[in-house]
1. Search region 364-377 for residues that are closer than 17 Å to G345 by Cα and pair each with any residue that is part of a helix (DSSP H, G or I) when their beta-carbon atoms are under 6 Å apart and the residues are at least 6 apart or on different chains.
2. Out of (1) part of a helix (DSSP H, G or I); (2) outside the structural domain of Q361 (by TED's automatic domain parsing), the odd one out for P487 is which?
3. If you take the residues of region 113-166 that are of a type in the set (K, R) and in a helix (DSSP H, G or I), which of them is farthest from E97 (Cα to Cα)?
4. Quick one: which of Y183, Y226 is of a type in the set (F, W, Y), outside the structural domain of I129 (by TED's automatic domain parsing) and farther than 28 Å from E5 by Cα?
5. From (1) touching a strand residue (DSSP E or B) at 6+ places or on another chain (Cβ under 9 Å); (2) under 26 Å from I154 (Cα atoms), pick out the condition that doesn't hold for P75.
6. Does T347 meet the test of being of a type in the set (V, I, T), closer than 23 Å to D228 by Cα and assigned to a loop (DSSP other than H, G, I, E, B)?
7. Inside region 394-435, can you point out the residues that are at pLDDT below 95 and of a type in the set (D, E, K, R)?
8. If you take the residues of region 343-358 that are among the hydrophobic types (A, V, I, L, M, F, W, C) and surrounded by 21 or more Cβ atoms within 10 Å (Cβ to Cβ), which of them is farthest from F377 (Cα to Cα)?
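The values are calculated or read from the model by the stated rules, or taken from the named source; none is laboratory data. Please read all numbers here as calculations on a predicted model, not as lab measurements. Here Cβ is always computed from backbone atoms with ideal geometry, including for glycine, and neighbour counts include all displayed protein chains.
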Amino acid sequence: MNIPEVKLGIIAVSRDCFPIALSTQRRQNIVKAFGEGLYECPITVENEADVTKALADVREHGVNALVVFLGNFGPETPETLLVKKFHGPAMCIAAAEGDGDMINGRGDAYCGMLNCSYNLGMRHLKAYIPEYPVGTAEDCAKMIKEFVPIARAIIGVKNLKIITFGPRPQDFFACNAPIKGLYELGVEVEENSELDLLVSYKAHAGDKRIAEVVADMQKEMNGSIYPDMLERMAQFELTLLDWADGHKGDRKYVAFADKCWPAFPEQFGFEPCYVNSRLASRGIPVACEVDIYGALSEYIGACITGDAVTLLDINNSVPQYIYDEDIAGKFDYKLTDTFMGFHCGNTPSCKMCGGCGVKYQLIQHRLLEPAGSEPDFTRGTLEGDIAASDITFYRLQCDSEGNLRSYIAEGEVLPVATRSFGGIGIFAINEMGRFYRHVLIQKRYPHHGAVAFAHCGKALFEVLKYFGVSDIAYNQPKSLPYATENPWG
C-alpha cells in the first residue's frame, strides 16, 4: 500500500540510414515475448520531433518506467533525449542479430549501444543498462522484467518523505548521519519532536476506528497479546497512519524513523515495537532509534521485493555450544559465518516463527522499571525467533563526510532456535567474519542493518549504482582479499 505500481512502456528508436522495419518488428517481438504489462508505443523514434510525440503517447497511457530499445544502430541525440525528458526511470537495451540476413537484416545495435552510453555520459544522464544489454526478443523481455523492481525502488525513493520523531537517544551517535545525502537522492525529510507525537496521540483518544484495529490485532496475534494494552496500541497505530496521510505534502510515499526510548514507553504507556511491525508489514517501515538511513534502506528493500522488511542490530555472536549442537555438520557454514540479528520486537509477525507474541522489552524493563517489579509500560514488543528464510542484509548510509556508501550481503536465517529474547534470528552469511571486520568495522557502519527476506542483491546493486553510490561493498570470497586485509593472516 506504500510502494509504487510500475507501468512499463517501450519506445523503439531507429537511425534513419537503417531500415525502420528492423526496430518496429523487433519491438513487436519483445512485447509478444514479454506478455501482459508492457505498453508498446506505436511511434518509432528517428528524430527529435518523434521524441516529443512518443513521450506524449506514453504519458497519456500512464507509463512511469521506460524502455528505450535500439532495434538498429539508433539515433544518438533522440534516444538520449528520451531518457532526459522522460519523467521516470529509463533503461536502454539493444537488439541482437539473427532474425534476418546479414545485409538488409543487420541492425548494428551492438555498436549503437556504445554511442548511446557515450551520449548519456555527455549529457550527465542516468539510465539503467543491464549487464549484457544486447539480446533477442526473449532475452530483452527477461531484462525488462528484471528492471521492474529496480524501477519501483527508484520511483519510490524519488517520491518518498521520511518523517522522524526525535531526537536520537543519548549516546546513540550510530544512528546520526547528515541528511545531505537524502536530498541528493530526492528524498524529503520532516523532523518532529516526541512531544508533537504525544500531542497527536492524545488527540486520538476515543477514535471510533480503535475497535476495528483492536480486532485486527487480536486476529493477527491469536490471543498472544496483552488485552489491557490493545486500545492504546491501536490508538498509536492510527496516530502514525493519520500523520503519514496528513504530512505527505507533495510526496506519494512515507517511511518513519522514531525515537522509542527512554521517554517513550513511560509517557505513552507501552513500547511501540509491535505497532511498528504492523506498519512495516504494509510497506511503511518504522525505523527504531530515529535511524533515518535505516528507514530509507528498509523502504528500498520493500520496493524491490514487494514484501515486508525489517531493521535489526548486527547484534551478537553465536555461542560455540549452539553452533556445535545445531549448525556444525548440518549447514555449510563456519562459526564466524554466523551471527544473531536482533531488535526489541519490530519484525512483522509474517516473518516470525509460530509462537511469537507481544511481550515486554527486557532491557528497558531493567533500565526504566523498579527491580523485581512486573513489567508495565515496557510491554509492547513482538518477540520470538525469526523464521528460516533467504535474506539480503544491506544498508545505504551517508558517512560523516557526507558521502553515500552501502553494503549488500546475501545469506539466510537458519532454522535454529536462538534460546534468547526479542525479535531475533541466527543469520548465516558466507565469510561474514571477514565482511564484519573489513566492511562493517573498517568503513564505520552503524550497528543497524536492513533485512529483505529474499536474495535481491542483484537488483539492490543496480538501484544503488543508479543513485550514484560508488562504494558498494559485499562479502568477498576468501580468494578475493579486502584492501585492508592482512595478507599474512
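1. Matching pairs, first to second residue: P375/H365; F377/P265; F377/E266.
2. Tallying (1) part of a helix (DSSP H, G or I); (2) outside the structural domain of Q361 (by TED's automatic domain parsing), P487 fails exactly one: (1).
3. Taking the candidates together, the pick is K158.
4. Among Y183, Y226, only Y226 is of a type in the set (F, W, Y), outside the structural domain of I129 (by TED's automatic domain parsing) and farther than 28 Å from E5 by Cα.
5. P75 satisfies all of (1) touching a strand residue (DSSP E or B) at 6+ places or on another chain (Cβ under 9 Å); (2) under 26 Å from I154 (Cα atoms) except (2).
6. yes
7. Selection gives D399, E401.
8. Among them, the one singled out is M352.
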